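Just below is one structure, and these are the notes that go with it.
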Amino acid sequence: MMHSRTLRVDYDKPTQVVCVVGYELKVKLHRSAPPGSKFFSVKCTANVQYSISPPSQETSHLSPIPLNGNSVLHISMSRASQYENDNKLSIRYYGKNKDVLGRAVLHLTALEISLDVDADRDGFVEKNNPNKGSWKWGPNGHGAIVLVNCDSERSYGKKPDTEQDYISRVSDLKDMSVMVLRTRGPAKLPEGYKLTMHISQGDAESVRVFRARSSEVGNNVLYMLHNQFGKDYPLVLSSDSLSQEVPYLGGVGEMNFYVEGLRFPDKDFDGLISINLSLLEPIFTGLPETPIFTDKVMFRVAPWIMTPNTLKPLEVFVCRTSDNHQFLKGMRNLVARSGYQLKICREYMNRGDRWMQDELEFGYIDAPHHRFPVVLDSPRDRGLKDFPYKELLGPDFGYVTRVAKDVSGLDSFGNLEVSPPVTVNGKNYPLGRIIIGVAFPTATKGRNMTKVVQDFLWAQKVQEPIALFSDWLVVGHVDEFMSFVPAPDRKGFRLLLASPDAAYKLFRDLQNDGHGQAKMFEGRRDEEPVTLDEILSDRSLQAENNYVQSCIDWNRDVLKRELGLDDEDIIDLPILFKFEDEYRAVAYYPDMVNMIVLGKNLGIPKPFGPKVNGRCALEAEMCSLMEGLGLTCTFIDDFASYHKLLGEVHCGSNVRREPFDFKWWNLEM
């Protein structure tokens, strides 16, 4: 449908009119006619099209046509003008006897104007896409995408680029979305007319717009920068500048603008941003101009996306501390054998904080033109608090955090996981689902993940979160009782769950086979050995593990329902727990589910289980369960430096992985 605007004309003087190609001018003929007018006729130059409603029975509009209160003249132009006032339309008004009472003359200047974005999401800015002003999910959807510019291109005084309102390096442009102003028409606008770009106050909190001062060749500007580079890309729109005049280039012109996202979707921001361009017409000196044409484009801010264990690793991160030499030795061997990079955070940076998993979560952001990793920094803020900002933030490596006042153990990111892709009751989750741990629904004094982090995770939309019950644990993290590993069949993965029942079954079978005197922790100086007979006769420990199993079974049912899993998709690992304080549990021996997954290689806490025929029975069971999936188990000694401090291999490591091939904007919402 053609957009239109009502035009006011005078019959006693010529009127200069600017018309945008593709838009219609409507003249209510009765309102502009001289007193006593009963008829009218219309005459125009070749590039002007018009029609009359209601339709006239006259075969020629040069002949007088009866004028009534509903007569409307519809005017449009098919192409842009080469110079000002190069087209003309005249309306003659006649009296009762068809005598001429007056004439309205319109001098017309036609412009082509469009504000364009990559609305079809193919990485190129097409011209005047009809869907550029709205956003729709799905493979047949539309709407442009903007990245939060949360990396840092600065070589000194490092801070996220969102915190500076200028462009300091050409490399920063690739983090932004290109928006193009295309115009065609005379060399300059008629006197007093101007183009303005504008945005709402609410949207200006989430986006900034820069423009290229000089013309560019395509979108590739590959020269070295000088100190005045920022002046070549002046700021157009921001929270301090909601509206600004932009240049009209004249002739056939294109001007690039660069749109920069400033914040991620959150509870108070749905991620959608509109930017408007208006052509303003002067009315009278001292009075405000009025808009006669407006074009609108819409962007959605790209969400932050987590990566599951089934994606290919790129880098493995661990901390060096004064007491974790044995752990580091095992991790080095595992990572080298797996063919990935090991990054070690030194003591001056970690300040004795070894829990790399708890401090941060790796993810990424993606748009058709660019993507880069983004680290989510937890609000726990212990010894590692500076590591994500000082060591990871940089060119094409973004940073985001959420600040909370009251932080509990559940705000550490061992309590934040994500599943592989799943389909649940016909609904696809091609990017998986985020998993967090919270208090049991009936708890009155339970710990929960802080609301600002939960709100952030929910607002990303593309990995709809699942809440599990983890407050039954002393530390309270979901990675203490669950993990995912890749698999060659079924859904492409298995869910691993800690299972006291599986541990008791294994130990009873060993006892029945005459191994009741086999000892846990044998050979360790820092733990008293205990026989299987002693473990199996401990009624208090059995009761505690019955409770733990009921908590895990609750979560098992939730995961089956929310991830669309069958029992065949789940593997129970033999792990026992014990109560420490306030009826909360810790792992009785190294918690094998708390592992690191590097492709087909698993780094598993060495459990120091009872030895049968010279081999740890727990290791043998673990290998039997995993090797059927084509996975190789490596057992890492983390007993003294992690397990005794209530954590394991997964807690002490972190993995940056490749992004999904699937594009988030193709989700069916």
Looking at the range 500-509, is at least one residue part of a strand (DSSP E or B), at pLDDT 95 or above, closer than 25 Å to Tyr642 by Cα and among the hydroxyl-bearing types (Ser, Thr, Tyr)? no
Exactly one of Ser60, Ser37 is in a loop (DSSP other than H, G, I, E, B), among the polar types (S, T, N, Q), at pLDDT 90 or above and over 30 Å from Gly253 (Cβ atoms), and that one is Ser37
Criterion first (touching a Cys at 6+ places or on another chain (Cβ under 8 Å), touching a residue at least 12 places away in the same chain (Cβ under 8 Å), buried (at least 19 other Cβ atoms within 10 Å of the Cβ) and not β-branched (Val, Ile, Thr)) does Leu115 satisfy it? no
Exactly one of Ser274, Ser322 is surrounded by fewer than 18 Cβ atoms within 10 Å (Cβ to Cβ), of a type in the set (Ser, Thr, Tyr) and in a loop (DSSP other than H, G, I, E, B), and that residue is Ser322
Quick check on the range 118-135. Is at least one of its residues among the basic types (Lys, Arg), without any contact (Cβ under 8 Å) to a residue 40 or more places away in the chain and either touching a strand residue (DSSP E or B) at 6+ places or on another chain (Cβ under 8 Å) or assigned by TED's automatic domain parsing to the domain that holds Gly271 (or both)?
no
The condition of being surrounded by fewer than 20 Cβ atoms within 10 Å (Cβ to Cβ) and within 26 Å of Cys551 (Cβ to Cβ) holds, among Ile604, Ile570, Ile575, Ile596, only for Ile570
When Gly514 is run through (1) crowded, with 16+ Cβ neighbours inside 10 Å; (2) not in a helix (DSSP H, G or I), the failure sits at (1)
Taking the criterion of being basic (Lys, Arg), outside any strand (DSSP E or B) and in the same structural domain as Asp572 (by TED's automatic domain parsing), would at least one residue in the range 489-499 satisfy it? yes
Exercise for the section: Would you check if Phe662 is of a type in the set (Phe, Trp, Tyr), closer than 19 Å to Glu522 by Cβ and in contact (Cβ under 8 Å) with a residue 12 or more places away in the chain? Expected result: no
Exactly one of Pro308, Pro303 is assigned to a loop (DSSP other than H, G, I, E, B), within 14 Å of the chain's Cα centre (by Cα) and closer than 21 Å to Asp377 by Cβ, and that residue is Pro303
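The values are calculated or read from the model by the stated rules, or taken from the named source; none is laboratory data. Since the model is a prediction, treat every value here as computed from it, not as a measurement. Backbone-built Cβ (ideal geometry, glycine too); neighbour counts: all protein chains shown.
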